[in-house]
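Notes for the one structure printed next.
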Amino acid sequence: MSAEQESPSGSSTLSRASSQRELSSTEITRISGRPLDLDDDGEKKHKTTYFNSTESEGDDSEPEDYHVTFTFAKNISNPKEVITGHPTANTTQSSDYLRVIGMETGTECSLIDRDVHIIGTNQEDVQEALQRFQVIQSVYKRRRRPTNVIPCIHYPTESPPYGLYFCDLDRYARKAYVDLPGNLIRPLYVLLPVFKDAKGVYAKPKDLVDAQVPCVMPVTMMPAPQWVSHQQRQAAENQRALNKAMQNVSIRQQQQQASPQKAQPSSVMVTTPHPSGPQRDNEMPLWGENRGFVNNFALPSGNFSPAPPTSPLPTQQAHLPEDDFPSLSAAPPRPTIAPVPPQKGRRVLRLTPQKANSAARSPSTPSSQSLLQMYGWSALASINVPFSIRAREYNLGNIKSALTDGLEGVRGYRGEIRLGAKFGKVLWCDLPSDVQKRIWEFSDIKDIVMKEHGAKPKFNDVTTTSAEIIKRIEDILPKYFGRTSFFEIHAQARNQPMLPYKPVILYMNEGIVDLQKVVLKKDVVTEIDWVSLDRKYDFQMSLTAKELGRIDVKPYTSFIKKVSICPTTRQMTYENVPDFLEVSYILHKQVTRYKIHFPFVVEITRVERVPLQPQRTMGHLSEKIMGMTGKGQVWYDCELFYTLHDEPFKANRELPIGKLADWTVDQILNGTPEETHLVKFIKAMLILIEKFEKLF
């Protein structure tokens with residue numbers, strides 16, 4: 001059995017050995033490839049990535065979402081107005097800031113009630129979208145604030161302390177140099193400096209013209225005394241009662257002449273107080289003005305005749321003889337109500353915020369800070385700072401504060417930003433009678449006269465209407481380096497019939513019938529009204545922001561197709577776009593630019609309001625209207641610009657929605673510690689004002 005069992009195993013062993021010899025004699029190449037399992041033939045293998053020895057979830061994992069909420073301020077009634085803008089460069093419809101900001105930041109933005117929900121996968125993108133909505137809200141609120149008007153009073157030379165008097169424009173000695181547009185409300189006033197004489201009394205300003213005294217008619221032609229204008233408004237019965245009382249006083253005085261011991265003064269004449277008499281602080285002398293302090297019963301010198309002595313009604317009952325008292329009646333007198341004594345005016349205590357200084361410095365010590373920042377306004381007088389320096393620091397502090405606030409508000413404004421100054425005259429209106437009768441300090445104009453009494457400065461916005469005056473100004477300037485002419489078309493427009501009309505300004509070249517730009521809205525953010533005392537011209541520095549619209553959309557493209565201009569006469573014809581655009585008026589402007597010392601440029605603009613005349617065809621009015629250029633009212637504007645501001649402000653023209661411009665307020669206003677850009681700007685204006693003063 002064992003032998004039989006061994007034979008098969010032996011044969012098997014021999015067969016395996018022979019097989020191994022055959023395999024070893026032949027070369028075999030082993031290739032690793034796809035498995036033979038057909039079930040795995042269509043399966044795709046993915047690369048497996050591990051982070052920190054942990055297998056990743058691959059495409060099945062969802063990224064983490066970041067969610068923030070922006071809530072509109074309570075003083076915004078309609079949040080949809082904030083997130084809706086004018087058409088941008090790639091659209092013809094109103095811009096939806098939710099969609100625009102969402103696309104630019106890679107987030108999803110939605111408005112629910114008063115909240116904007118921002119969702120994104122990147123925290124930085126979400127925060128950027130949040131900041132953009134904050135900027136949009138700030139710009140929206142800034143545009144609805146009124147213009148910040150700051151008055152500045154300046155005397156051009158070193159001077160002692162002075163007061164300020166509101167002079168009626170009709171009594172202003174240099175009224176001929178003040179040109180008024182038709183939209184100013186009368187009466188208008190001009191600020192004049194008032195200095196004290198050796199006796200401490202305010203002297204008459206040199207530019208104040210005496211009021212014309214009305215002619216006095218002879219007594220024989222007047223049955224009753226004629227009162228001055230403010231007395232004519234009294235009732236007739238009061239005049240009769242006053243005349244009767246005057247006659248009674250005259251009779252009593254005649255009776256008293258027989259009793260020397262009871263004699264009264266023969267007459268008391270009400271005359272104008274003499275300027276050299278005692279005067280209270282802030283009380284205005286009557287420099288030849290007719291304010292009721294006149295002798296109403298004076299006779300002309302040619303018709304003088306003796307008249308019974310008269311006296312006005314005294315404030316207190318005069319002592320009369322006992323015979324003059326009437327007999328008392330038996331009936332008890334009727335009860336009467338005693339007159340209520342006049343209430344005294346309220347006294348207001350004002351506390352001006354001061355900025356403390358850590359270390360005491362001498363006023364003459366040079367520093368980058370102003371004296372107003374170092375000591376505070378109320379402390380300047382106590383350290384013997386000259387009056388002119390105090391006024392200068394007060395003006396500079398107000399201007400810098402106002403422009404800083406304005407520039408911060410327009411950093412996120414998409415449009416045209418401009419800071420310039422125009423020569424003209426600062427006038428005043430809405431002055432109460434008590435304001436006109438007082439002498440004011442320069443620091444009271446802003447805080448008391450404007451804020452408490454409601455007075456308003458009004459810039460005439462016209463340098464001159466005289467071609468001779470502007471010719472003299474051009475003669476002292478260097479040769480011009482550029483001239484441009486264009487039409488400024490003011491119109492009412494809309495892009496949909498159901499929307500209300502809104503004012504727009506179209507700028508069109510004179511030589512080529514093509515639109516340069518379309519201004520949808522102009523905001524005057526800050527206005528500095530600078531009064532140069534004893535000078536013919538003042539100036540107004542203004543920070544303006546213009547919102548620009550597209551020029552290649554209707555109705556502007558439809559309007560420009562119907563405009564034609566004659567190249568020789570510059571007369572133009574146009575047609576309104578029915579239901580979409582209607583022209584209000586047209587201005588033709590010719591701008592000449594002069595380079596003075598760097599970086600200032602003077603622009604003199606000739607402005608003409610073009611008369612509009614409808615055209616007739618076959619005796620009937622047609623839709624065409626002709627602008628009669630060269631036959632309208634003409635005036636001239638003279639402005640100064642700081643060219644270093646042009647380059648930073650260009651960033652606002654193409655500013656993304658909700659972004660802030662790269663420039664800062666410090667770059668616009670400040671410069672070297674010795675002299676800032678703002679100080680250079682004001683100095684250049686004052687130098688030109690002094691040069692203009694010598695021309696006339």
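Please treat every number below as a calculation from the coordinates, not as lab data. Please read these numbers as outputs of a predicted model, since none were measured by experiment. In this analysis, Cβ positions are derived from the backbone assuming ideal geometry, glycine residues included, and neighbour counts consider all displayed protein chains.
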> Length gain on complete extension for the stretch residue 653 to residue 456, per 0.36 nm per residue less the alpha carbon to alpha carbon distance?
Replying inline: 67.6 nm
> Once both labels are modelled 7 Å past Cα along the beta-carbon direction, what's the residue 143-residue 474 spacing in nm?
Replying inline: 3.8 nm
> So what is the relative contact order of segment 433-583, in percent, for Cα pairs below 8 Å that sit 6 or more residues apart?
Replying inline: 18 percent
> How large is the dipole of segment 62-143 about the Cα centre if only Lys and Arg carry +1 and Asp and Glu carry -1, each at its Cβ, rounded to the nearest 20 debye?
Replying inline: 740 debye
> Taking neighbour counts of Cβ atoms within 10 Å as a proxy for exposure, in what order, fewest first, do 693, 510 appear?
Replying inline: 693, 510
>> Rounded, prolate or oblate for segment 62-143? Axes are the square roots of the Cα gyration tensor eigenvalues, ordered a ≥ b ≥ c, and the cut-off for rounded is a/c under 1.5.
In response: oblate
> How high is the FRET efficiency from residue 437 to residue 481, r the C-beta distance, R0 56 Å, rounded to 0.05?
Replying inline: 0.65
> According to a simple spin-label model (label point 7 Å from Cα along Cα-to-Cβ), what is the distance in nm between residue 104 and residue 134?
Replying inline: 1.7 nm
> Projected onto the charge dipole of segment 526-675 (+1 at Lys/Arg Cβ, -1 at Asp/Glu Cβ, origin at the Cα centre), which of 652, 630, 587 gives the Cα projection farthest towards the positive end?
Replying inline: 630
>> Within 10 Å of each candidate Cβ there may be at most 14 other Cβ atoms; applying that plus a DSSP loop requirement, which trypsin sites (Lys or Arg not before Pro) in segment 445-517 survive?
In response: 451, 479
> If r is the Cβ-Cβ distance from residue 77 to residue 553 and R0 is 22 Å, what FRET efficiency results, to the nearest 0.05?
Replying inline: 0.15
> How high is the relative contact order of segment 62-143, in percent, with contacts defined as C-alpha pairs under 8 Å that are six or more residues apart?
Replying inline: 35 percent
> Once fully extended, how much extra length lies between residue 159 and residue 405, figured as 0.36 nm per residue of separation less the alpha-carbon to alpha-carbon distance?
Replying inline: 85.4 nm
>> Using 26 Å as the Cα-Cα cut-off, could you pick out the over-long pairs in 199/694; 422/517; 206/458?
In response: 199/694
>> Cut-off is 10 Å between beta-carbons; in what order do 639, 474, 64 appear when sorted fewest neighbours first?
In response: 64, 474, 639
>> Give me 428, 440 sorted ascending by neighbouring Cβ count inside 10 Å, so fewest comes first.
In response: 440, 428
>> Could you tell me which residue out of 149, 180, 166 lies farthest along the dipole of segment 149-193 toward its positive end? Charges go on the beta carbon: Lys and Arg +1, Asp and Glu -1, centred on the Cα centre.
In response: 180
> Dipole magnitude of segment 573-686 about its Cα centre, charges +1 at Lys/Arg Cβ and -1 at Asp/Glu Cβ only, in debye to the nearest 20?
Replying inline: 460 debye
> What FRET efficiency comes out for the pair residue 593/residue 183, r = Cβ-Cβ distance, R0 = 41 Å, nearest 0.05?
Replying inline: 0.90
>> Taking 0.36 nm per residue of sequence separation and subtracting the Cα-Cα distance, how much length would be gained by fully extending the chain between residue 517 and residue 248, in nm to one decimal?
In response: 88.9 nm
> Can you list the residues, at least 5 places off or on another chain, whose amide H is less than 5 Å from the amide H of residue 412, using H built in the peptide plane?
Replying inline: 661
